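Read the structure below first, then the notes.
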Amino acid sequence: MLEKSEGAMMAKKIDLKNEFSEENIRKAYEIEGEKLGRVNIAVLGATGVGKTTLLNQIFGREISKIGQDGKPTTKKLRYHRYNNYLGIWDTVGFELDKLEDELLSDIESQIDNPTYDVQRPHAIWYCVGAYGGNVSTSEFSIIKRLAALKIPVFVVITQAQSKKGKLSARTQVKVDLFTEKRIPIATKKPFIVCVKTEPDAGMHEVFGLKELVGATFQTLSGTAASESFAAAQTVDLGIKDKTADNAIKVAAGIAAGIGASPIPMSDAALLVPTQLALMAKIAHIYDIDINRATMATLAATGAARAAGTSLVGNILKWIPGLNLAGMFINAGVASSFTYAMGKSWKYVCKKIFLGEIPPKYLEKADFLSDLFMAQFKKNYK
């Protein structure tokens, strides 16, 4: 979250004379990216159950090369850092007759080692294929040992077969097995997913991803990893919206507490850094890269500054000499102004994330400025 003390720290790192300059915007983007932290997800399970395909779909990027003909895509347990806010643990897959003890010992020694705090998983997705026979005793044993690491374990039944919303008998058997066993897994029940359709294999519809992502986010709620998970995942737009809205409310409260300068968007020692940090954080939440975020922020803040100068100047004309009242109004205006900035900037970032702005318009400052200001007029109260 944004904190008042963090606004003071940001103020020391940026050039307040140039306020919303390209250099300051880039600095804020980098600082907020580091503060956002990194969520680490361990994705485990037997070879060929679709772990990589699941990751690619949820995080909207090629996590690693998808295996061919059932061959493993990794040589051993390893950790990948994909960006500032996403890290993945994966494995060669569990060959239950050969590698169970060896691989589990490796997992327990590596991911539960205090040396690896920055890489320690925040959640484990244990994948089980919906096809095949019963779940082996070894597999239940593995999950129990993973749960003993005090990391939330989500059992994910992948490649689920269904038609017209009804699970196949084979998939339902797997679901019932995990429900009846009452093993120590998060949410007490498995998650059933189908990432892609393959009618010949009985997979007629894609489903279950939002449920898995939503439950993981809920489990991480209240931790720093919840915000980085919101930024990393691309399945549930509502999670990004909720995280951005929370950041906006916090920033608006900080702006009110600061008291503001007579004119918002001027060189206020803490208000400008707070607003810079908010815009940078929202850009990260919607996974907007630094170049695109900088260009759009320059256009948005240029229009916002002009609006703020005119708005507050007109208010203060009505209360000359009333310093106490002036400070009260300034605090209220600073809060409302910051709130409107955040909501309007969120709208722009969301449209960029969804691909609803043609690429050629992303380079047009006037278009971005008009888009931002149209929302600002609706959001400012």
| task | Kindly flag which residue pairs out of Lys51/Lys196; Lys240/Lys346; Lys35/Lys150; Lys35/Lys351; Lys196/Lys351; Lys51/Lys144 have an alpha-carbon separation exceeding 18 Å in this structure. | result | Lys35/Lys150; Lys35/Lys351; Lys196/Lys351; Lys51/Lys144
| Listed residues Glu363, Glu356 arranged by accessible area, highest first, probe 1.4 Å | Glu363, Glu356
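If r is the Cβ-Cβ distance from Arg61 to Lys164 and R0 is 30 Å, what FRET efficiency results, to the nearest 0.05?
Details: r = 32 Å, r/R0 = 1.06.
Plugging the Cβ-Cβ distance into 1/(1 + (r/R0)^6) gives 0.40.
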| Phi to ³J(HN,Hα) by Karplus 6.51 cos²θ - 1.76 cosθ + 1.60 over segment 42-50, Hz, x for Gly, Pro | 9, 10, 10, x, 5, 4, x, 8, x
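What order do you get for 285-291, 122-128, 164-170, 372-378 when each peptide is scored by the mean count of other beta carbon atoms within 10 Å, highest first? Display every interim value, and only then the final one.
Working: 285-291: 18.6, 122-128: 23.0, 164-170: 11.7, 372-378: 16.9.
Highest mean packing first, the order is 122-128, 285-291, 372-378, 164-170.
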| query | Put a dot 7 Å past each Cα toward the Cβ at Ser105 and Ala374; how far apart are the dots in nm? | reply | 6.4 nm
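For Ser21 and Lys196, FRET efficiency with R0 = 35 Å and r from the beta-carbon atoms, rounded to 0.05? Present the calculation step by step, with values, prior to reporting the outcome.
On the way: r = 45 Å, r/R0 = 1.30.
It comes out at approximately 0.15.
The values are calculated or read from the model by the stated rules, or taken from the named source; none is laboratory data. Remember, it's a predicted structure, so these values are computed and weren't measured experimentally. Reconstructed Cβ throughout: ideal geometry from the backbone, glycine too, with neighbour counts over all protein chains shown. Heads up: the accessible areas ignore ligands, DNA and RNA and are worked out on the full protein's heavy atoms, side chains in. Shrake-Rupley method; radii C 1.70, N 1.55, O 1.52, S 1.80 Å.
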